[in-house]
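Here the structure is laid out as structure tokens; the discussion comes afterwards.
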Amino acid sequence: MQVTDQEILQEFNTKGGENTAFNKLVKKYQERLYWHIRRMVLNHDDTDDVIQNTFVKVWKGLPKFREEANLYTWMYRIATNETITFINTNKKRMATSMDEVGQELRSQKANDFFTGDEIEIKLHQAISTLPEKQKLVFNMKYFDELKYEEIVEVVGGTAGSLKASYFHAVKKIEDFIKNND
Amino acid sequence: MFNENENIENQAPNLFGLKGRNSFKTPKNYFSELEDKIMTENTSLSEFKNQQSFKTPEGYFEGLTAKIEANTSPKQGKLITLFSYKTLAYAATVAVIVTLSFFMYNKGGEEVTVLTNDTLLAENTVAFEDLTLEDYFDEITDQTINLDAIEFEEVNLEEIETDEYSVLLEEIELDPTTLISYDDEWSLFE
């Protein structure tokens, strides 16, 4: 049975329990955070850098973490901020436009880092055309299936505005896939 | 047009047909290695935090206090050096600066007197109680005036307009260095 966030925090706050608690936290969330980052940066090596930076921040911030807050969305927010910072810092070499995303994914396909078909490449190309916040909302809702209230904790805003944003994103992507088939 | 009330998945079949697929791949054993990498990076420093690797002989600190007391002599008075080369050097420098300043200040044997308004007033004016009208005019003009020869008009001060008053003052030719105020001047006509 998987350990709960409260149990991890309790163990972390116990003297001598920091390392084992942190180990459990990494084991529990590393994949989810990895894929969240990967869908934004696309490249595995970049994702590897960002996720390590994320867990450094989590380790440093855990002693001050308020237990009434949601641990997962807190870590998600750190991962999101680290991803955005990474993208902004490396804008020049990163695949951000639709064409660059297509090129990147086809290149990864050649190296067995991406096994999706052309329609999946189109999906990611469509996602790359969305504004940054809308892209985040879409990814968290569509791929990670977070609730709107949880997404609010990560990107801010209201559940209503995020729902509207998600609907618009879905329409844009659906039209893109239909028109570029 | 999207209907928010209707099931979104029905409205975007192409998109939701792809749902659940994850075509991104990672290197073999990536996540197990990532766990180790993260743990090493974040926890290794904390392991050393409370370690003290330097060792001392057994009972060292207990004997240290006694050793220090034994090496110090309570009867020996504390020798305080009054003069040191450093202090003398500082004092000599200050003395030289003061001496040089004194000579530069008194250069050429000129006496410098600071003049205040009171000093100027005292040197350039005569006390009014000692001053006669003749003395006054002698003071402010170069000519010696025989007051008896002058016919003075009776002047009604209240009838004098401002401009006439100004003209009167101009005729008197006030010397600004005498430092007599207009009020004092005016009192002479009363």
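The values are calculated or read from the model by the stated rules, or taken from the named source; none is laboratory data. All values derive from a computational prediction rather than experimental measurement. Glycine gets a Cβ as well: all are built from the backbone with ideal geometry, and neighbour counts include every protein chain shown. Calculation scope for accessible area: heavy atoms of the full protein, side chains included, ligands and nucleic acids excluded. Shrake-Rupley method; radii C 1.70, N 1.55, O 1.52, S 1.80 Å.
Couple of notes before you dig in:
- Scanning the stretch A:126-155 for residues that are closer than 13 Å to A:ARG39 by Cβ and polar (S, T, N, Q) gives A:SER128, A:ASN139.
- Checklist (1) within 22 Å of A:GLN134 (Cβ to Cβ); (2) of a type in the set (Lys, Arg); (3) touching a helix residue (DSSP H, G or I) at 6+ places or on another chain (Cβ under 6 Å) applied to A:LYS91, failing item: (3)
- Hits in the stretch A:22-78 (condition: over 15 Å from the mean Cα position of the chain (by Cα), of a type in the set (S, T, N, Q) and closer than 17 Å to B:GLU33 by Cβ): A:ASN23
- The selection criterion, being open to solvent by 30 Å² or more (accessible area, probe 1.4 Å), assigned to a helix (DSSP H, G or I), modelled with pLDDT under 90 and within 14 Å of another protein chain (Cβ to nearest Cβ), holds for A:ASN19.
- Filter result for the condition that a residue is away from chain B (no Cβ under 14 Å) and at pLDDT 90 or above, over A:GLU82, A:GLU145, A:GLU100, A:GLU149: A:GLU149
- Looking at the stretch A:31-148, the helices (runs of 4 or more DSSP H) lying wholly inside it that each contain 3 or more residues that are in contact with a Leu (Cβ under 8 Å, 6 or more places away or on another chain) and surrounded by 18 or more Cβ atoms within 10 Å (Cβ to Cβ) sit at A:44-61, A:71-89, A:98-110, A:118-128.
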